[in-house]
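To start, the structure itself, in structure tokens.
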Amino acid sequence: MSEPENPQWLDRASEELREEVPVRPEWRAGLLADIASAPRPGIDDTDGRNGRIVLHPLAGLAAALAFAAIGAGAMFAIMSWGGRESASTTEVGLASSVPAVAAPIPATDAASDVVRFELSAPSATRVALVGSFNRWNPAATPLHRDAATGTWTVSLRLPAGRHVYAFVVDGDVTADPAAPRAADADFGSPNSVVLVSGRSS
Amino acid sequence: MRRPALIALLLLGPAGAFAQDRTIPPKLAAPTRASLERLIDSAAVAGLPIDPLYSKAQEGVFRGADDARVLAAVQRLARDLGDARTALGDSASGEEITAAANALRAGVKTTELSRLRESHAKRRHSDQRLTVALVVLADLATRGVPPALAAASVTELVARNVSDGALISFRQTIERDLLDGRPAASALDARTRTFIDDAERRRP
């Protein structure tokens, strides 16, 4: 069944609905006064500081749950591409400048150092760092891309010691081309090694 | 007081300190987890570093290996750690034992590790780390340098009091030589002599 085009009854009905409903002036004035005197929702003015937003405890809980859901979703999305095994390194450039034993950036205590990881991968869309320091979790440590150079970097504070790691480039696990290799290819491609001295303070 | 601490923890982000997490991945089946727990407990009782064992299990799960493969890899690493500790002696640190186990995995022999340890013990600068030499040694052997030759060269460099920084440069130089197509043995021989000469010139 097809409806008639541009029915006249529909035009008349919409015109009627658009017409202003007659309201007595004193009733309208009373309504506006009630609105003006009512407390604004979400604004606590009891301490005299206008504009301080106070969330109801349940609202705070709801917000926390929402953030957790967003985080879990993001983690799932990253893990879904990071968990695939591959030895392909074709995406990875050879111009990575991570030193053989990563040079620590001065840190606040002698038990750890901030280490900068860097990988040149101009055509990559996602790069993450996995290793003994983050439970090999590809969602834990994403690298950030410098759009001008195509270099991906991240800085981490690592405890002193020997750490094993790899990059995950668009789902492919690859060793750092500029770092010492570990002889530990139990699961496919070898990993890289970084030594943190923990001496800078 | 808890709230600021929690906020600081949340804001720490990627720059925060990451410590080894001693958990066996829950993705593994219960019998595999039980076997790993027993294995790691035994390693701890024997005084071996156990963080690498947890890391190996976590890496296996991340890379999609099945339970049997994960268990086999952790067992093999535990054996290598035990052999490495025997080669280096009871005073070796967990970091040294772990690096030495990796060198064993690359094909270096326990007798060669012991010789390297002895050379290192005679060094004049106590702040030079045996771990650096072991990492360089494992890397060279992994890249195709014959392990016995690599061990002899690194031991000689350590004996000549070559610094940690020079050892790292040595590794990078050999890597470049190999990428340029130079035969591993000749590259190693030439570079070892160069670095020893340089160390001799710098000696006061």
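The values are calculated or read from the model by the stated rules, or taken from the named source; none is laboratory data. On a predicted model such as this, the values are computed, not experimentally measured, just so you know. Reconstructed Cβ throughout: ideal geometry from the backbone, glycine too, with neighbour counts over all protein chains shown.
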Q.
Let me spell it out: the conditions are (1) within 7 Å of chain B (Cβ to nearest Cβ); (2) modelled with pLDDT of 95 or more; (3) part of a loop (DSSP other than H, G, I, E, B), and residue A:139 meets all of them except one. Which number is the exception?
A. (1)
Q) Here are B:153, B:114: which of them is buried (at least 23 other Cβ atoms within 10 Å of the Cβ), touching a helix residue (DSSP H, G or I) at 6+ places or on another chain (Cβ under 7 Å) and hydroxyl-bearing (Ser, Thr, Tyr)? A) B:153
Q: Could you tell me which residue of the range B:109-127 is modelled with the lowest pLDDT, considering only residues that are within 14 Å of chain A (Cβ to nearest Cβ) and farther than 19 Å from residue B:90 by Cα?
A: B:125
Q. Given the structure, is residue B:186 of a type in the set (Ser, Thr, Tyr), free of Cβ contacts under 8 Å to residues at least 12 places away in the same chain and part of a helix (DSSP H, G or I)?
A. yes
Q: Within the range A:155-201, track down each residue that is among the small types (Gly, Ala, Ser), facing another protein chain (nearest Cβ under 9 Å) and within 24 Å of the chain's Cα centre (by Cα).
A: A:155, A:166
(Q) in contact (Cβ under 8 Å) with a residue 40 or more places away in the chain and either not hydrophobic (A, V, I, L, M, F, W, C) or not in a helix (DSSP H, G or I) (or both): which single residue out of B:131, B:111, B:86, B:155 fits that description? (A) B:155
Q: Tell me, yes or no, whether the range B:161-177 has at least one residue that is at pLDDT 90 or above, farther than 18 Å from residue B:133 by Cβ and either in a helix (DSSP H, G or I) or away from chain A (no Cβ under 14 Å) (or both).
A: yes
Q: Give the residues of the range B:44-56 that are within 9 Å of chain A (Cβ to nearest Cβ) and in contact with a Leu (Cβ under 7 Å, 6 or more places away or on another chain), sorted by residue number.
A: B:52, B:56
Q.
From the list A:160, A:182, exactly one residue is surrounded by fewer than 21 Cβ atoms within 10 Å (Cβ to Cβ), hydrophobic (A, V, I, L, M, F, W, C) and under 29 Å from residue B:170 (Cβ atoms). Which is it?
A. A:160
Q: Hey, could you check the range B:57-78 for residues that are within 9 Å of another protein chain (Cβ to nearest Cβ) and not in a helix (DSSP H, G or I) and say which is surrounded by the fewest Cβ atoms within 10 Å (Cβ to Cβ)?
A: B:64
